[in-house]
Amino acid sequence: MFTIRHARPSDHDALYRICLETADSGADATHIYRDPMLVGHIYAAPYLAYAPAFAFVLEDEKGVCGYVIGALNTREFEATLEREWWPDLRAQYADPTDIPAAKRTPDERLARLIHRPNTAPQSILDAYPSHLHIDLLPRGQGGGNGRRMLERLFMALREAGSPGVHLGVGGSNTRAIGFYRHLGFQELAREASGSLLLGLKL
């Protein structure tokens, strides 16, 4: 039996673990990063800290096995992290800007995002001001869990007044792209890296 509930501060470690174990286009990235905390520092923990109203977890008898997290106003969320979240991490992780991009390690590529976070294009935020991340461990996949989690988040975003939500997905993650398209997401932009920005009107 799976249940969906609001994330709690006590879910902190589980979110970090799930984030790492799904960071290789949905597969386990434990072998890729020397620092197991880096992925979660960027893609999971800030939402638990600064957008808890839009953070939900999937839980079974073994514990938390998935999450969906988001921010109501992406631009305001970016500003909050710039003020509250990134400064401490920038003191911990060196900026790898002086290292040529092609020679950076996976950890250094993530460290660059701490020093120079990606920001969403305003043209997308005008219609899709909210954004989300969803990750499920294999035991939580299938059976409609992903859809149910997203619908829970969509309901919370609608109730808060959001007209639309966007997300990023790797261009090679065809399974995820198909899943999002099935839910009604449309392609908004294609980045130079091959990643896609998808959006859904709420």
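The values are calculated or read from the model by the stated rules, or taken from the named source; none is laboratory data. Keep in mind that what you see is a predicted model, and the values were worked out from it rather than measured. We place every Cβ from the backbone using ideal geometry, glycine too, and count neighbours over all the protein chains shown. Just the protein is used for accessible areas: all its heavy atoms, side chains included, with ligands, DNA and RNA removed. Shrake-Rupley method; radii C 1.70, N 1.55, O 1.52, S 1.80 Å.
Per-structure values
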| item | result |
| --- | --- |
| Sites LYS103 and THR174 - FRET efficiency at Förster radius 41 Å, r taken between beta-carbons, to 0.05 | 0.90 |
| Proximal charge balance of TYR67 [Cβ under 9 Å; K/R count +1, D/E count -1] | -2 |
| Segment 137-202: C-alpha gyration tensor shape, a/c 1.5 cut-off, then a/b vs b/c | oblate |
| Per-selection metrics, segment 54-202 (Cα): Rg and Dmax in Å | 16.6, 47 |
| Binned Cα-Cα distance frequencies in segment 42-110 - 10 Å width, integer % | 17, 35, 32, 15, 1 |
| Area of MET37 that stays accessible when all protein chains are in place (1.4 Å probe, Å², to 10) | 80 |
| Length-normalised contact order of segment 1-73 in % [C-alpha pairs under 8 Å, at least 6 apart] | 39 |
| Carbon plus sulfur fraction of accessible area for segment 75-202, probe 1.4 Å, in percent | 50 |
| Helix-only [θ]222 nm of the chain, DSSP H runs n ≥ 4, -39500 (n - 2.57) each, per residue, nearest 500 | -10500 deg cm²/dmol |
| Geometric extent, Cα atoms of segment 119-158 - Rg, Dmax (angstrom) | 13.0, 37 |
